[in-house]
Each structure stands twice: as structure tokens, then as C-alpha cells.
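The structure appears right after this line, and notes come after that.
The values are calculated or read from the model by the stated rules, or taken from the named source; none is laboratory data. Treat the numbers as computed from the prediction; the structure is a model and nothing was measured. Glycine gets a Cβ as well: all are built from the backbone with ideal geometry, and neighbour counts include every protein chain shown.
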Amino acid sequence: MKLKQPHFCYKYFITTPKVDQQAPERKKKTQIFSSRSSPEKATGNSSGRSGRRRSSDMEAAAATSSFSSEFNPFDLSTDAPPAAVQLTADQVKSCSEALDFFKNKLRSPADITQEFDRLQFMSLAEDEILRRCRVATLGVNLDKNRYIDILPFDNTRVTLCSNKDNNTLENGYINASFMTTSSTGNVSQFIATQGPLPETFNDFWEMVIQYRCPVIVMLTLVDNSKMMKKCADYFQAEDGLREFGNISVINVSRRTTGSSLVLQSLEVKKKESGEITLPVLHIQYPDWPDHGVPEDTTAVREILKRTYHILPDQGPIVVHCSAGIGRTGTYCAIHNTIQRILNGDMSSLDLPKTITDFRSQRMRMVETVEQYFFCHDAIVDELEDLISKSNC
């Protein structure tokens, strides 16, 4: 049975910006890959830094010369970690500049809190949200929404091709949104979506097939409770063949990493068709708490390191948690920012602009101030790691 509860956290809008709110108490991070001697957080001034871009030559270099052709992210037969990204001299320069910027920001945590409050103040009012989500609120689609208050906008929603198996003959509806930024570089596109419901399993796999999605990033656990189920078991992890309508999914291999990621190599194919089998890497991070953040950035950055080796033109990356906004938005913001920095797009330093862009495509992306801080932490840790392993 579909749950009709709202996704409780932040309201649709805040009537007054809270400019004097103290930064939240934050746990000391486990410094595994970081070279920082102090875990203290805070932030600085972004003026004058965020509009600059480097040449398109650097974007091309990022797409062709940084990633090892010897590492196959779909091969789970080895425990070897993802191959390190080899930076060019220009990329080291961009990463160093970005690292200085974000570390400086983290020296003023109250400023980051105010920055997030301003983002909340600019959120859409409820009547505007409903006006932009007309397809999601059609009677035929109501049972396909996990939460009554988390809906995709009409202009950015993922549309499925109609067929008798996905039960979307009228409008091809699935609660999923295309996500990108204004960057024109070699940047991954995301599909942000809710945790599938039993009645939307077929639609979910139809989406993966239709848009040739090479990776699914699952940032929640499979919850089998009857009252507040966060995500149904749509991939059914046991070895062997599973069928979802006209689509077959084969679990080729499965492995758990030291950072508690569950990796699965899947083969997805439409039955009785001549389509080529689609290899899909399923990455599950079950330990990320709903509305919260992990204790350190290690596992999230391991996801990023594995997806470095999947080029943007291979298809959009599916990312979901339960509602498809908080943890999902946080990961997308981290991934997008690092990728754009490697492309030399220094407008990526404007994290509020990135999140504003995301929220214009799917409501309430990055839900909490703790998640907003975590974006900064993960970006800093990953930039330090990239620079420390560079040969330049």
C-alpha cells in the first residue's frame, strides 16, 4: 500500500530569513583521506571568484586524459580501489584555487548557516509548487508518489515512453527529475528520483533502459517495515534473473567495500527485443541517515571515485534516497561541483547558485543545513585527495 504521509523536514518556504542562527553542532570527522591537520570548519567570502571559466581546451583534457582506461567500474571481481585520477597541471591549479576557497569558507560556519537560510527563504510557496506539478497531481498518478509533498516539476520531469507494461499510457509519469547545471562542459546529468514503490518497479527499470543509465546510486537502505517504508526492494539483490514487466535484471556479481558500499553489477534488458543488454553499476550506501549526514566523507567520495570513470555521454546517473531530495541533492551537489572544478569551470565555487539551479529542477534539493555543511566537507576532502595524489 502506498504511504500518504508528507516528507517531514523543512516547510515549503520560510517567512523570515534567520540571520543570527548559530551553526549546528557538528561531529568531528574521521580524517582518512584528508591531509588537514585540523577538522575545524568555517567559510569565507565568495565575491569575485565565481564567474570565471577556463578555456574549453581544459574541459576536453578533463574528459580524455584524467581517467585510467585500465579501471573498469563494472568489474567487481577485484577488491582494488578505483584508479586515482591523474590531474593535468591546469587541473591542479583549479583544484588548489577551489580548495583555498572552500577551506576559507569553512572558517566562518555562521556565514554558511546564513547562506543556507537565504536558500530556504527563496524556496517556492506551496501554491507555486502545485502549479508547476500538475502532471504529478493527476488522479492516475497519485499512487505513484511516495510522499504527497515531494513531486517533480512538469518541465523537468522524466517522461517514459508509453507501453502496456509501464502502465503510463496517458502521460508517461514517474516521480523523477532531470538534473543538470548551466555549465556547458563535460558534466554528468542526473536523474533524481524517489525510492521506488512496489507499484513503480516496472516504471523505474523502464526509465533505466529508456535513458540508458549506466549507474544507479542508492543512498538509503531497503526498509521492510510496514509503517514508514523508505524504499522497497526494487533490485532484489539475490543472484540470478529477476523480471519486472517486460524487463529482465540479472545480478552478475555483488561485493561490499571497506566503507560499507554495496556494489552490484547488473545486466538489464528488455525481454523479446533486439536491444543490447545494458550493463548497470548499482552502488548502495545504506548507512547514510535520512535527513542527516554520514560521520565522515569517505564512502560518499568512494562513490564519486567510481563514477569518475563513467563519462557523461554514457547516460544520466540515477540517484535516489527515499524522497529523492535531501541525500540525493547533497550527493549531486558534491559530484557536480568536483566535476566542474576539474573542467576548469570556476563558477562551480558558487555552491548556493548550484543548489538554486537544482531546486529549480526538483524541489527542496539539499534539505538541511547539516547536509549543506557536508557538501563543503566532502568537496574539501576530495580536492585535497586529488591534489595529494597528483604527479604534477
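A few comments on the model shown:
- Tally of residues being assigned to a loop (DSSP other than H, G, I, E, B), modelled with pLDDT of 95 or more, of a type in the set (S, T, Y) and over 17 Å from the mean Cα position of the chain (by Cα) across the range 149-187: 0
- Strands (runs of 3 or more DSSP E) (entirely within the range 230-307) containing at least 2 residues that are at pLDDT 90 or above and either at positive phi or of a type in the set (G, A, S) (or both): 247-256
- Verdict on A136 being without any contact (Cβ under 8 Å) to a residue 60 or more places away in the chain and surrounded by 19 or more Cβ atoms within 10 Å (Cβ to Cβ): yes
- Selection status of Q91, farther than 30 Å from V369 by Cα, surrounded by 15 or more Cβ atoms within 10 Å (Cβ to Cβ), under 24 Å from the mean Cα position of the chain (by Cα) and not aromatic (F, W, Y): no
- Pairs, first more than 18 Å from I303 (Cβ to Cβ) in the range 249-271, second at pLDDT below 90 and exposed (fewer than 15 other Cβ atoms within 10 Å of the Cβ), C-beta under 6 Å, six or more apart: I250/L241; N251/D239
- Test: residue in the range 342-354 that is free of Cβ contacts under 8 Å to residues at least 60 places away in the same chain and surrounded by fewer than 18 Cβ atoms within 10 Å (Cβ to Cβ): no
- Filtered residue count, the range 249-301, keeping only those that are more than 22 Å from D75 (Cβ to Cβ) and aromatic (F, W, Y): 1
- Selection count where residues are touching a strand residue (DSSP E or B) at 6+ places or on another chain (Cβ under 7 Å) and farther than 22 Å from Q86 by Cα, scope the range 330-364: 6
- Scanning the range 356-368 for residues that are in a helix (DSSP H, G or I) and surrounded by 23 or more Cβ atoms within 10 Å (Cβ to Cβ) yields one hit, F358.
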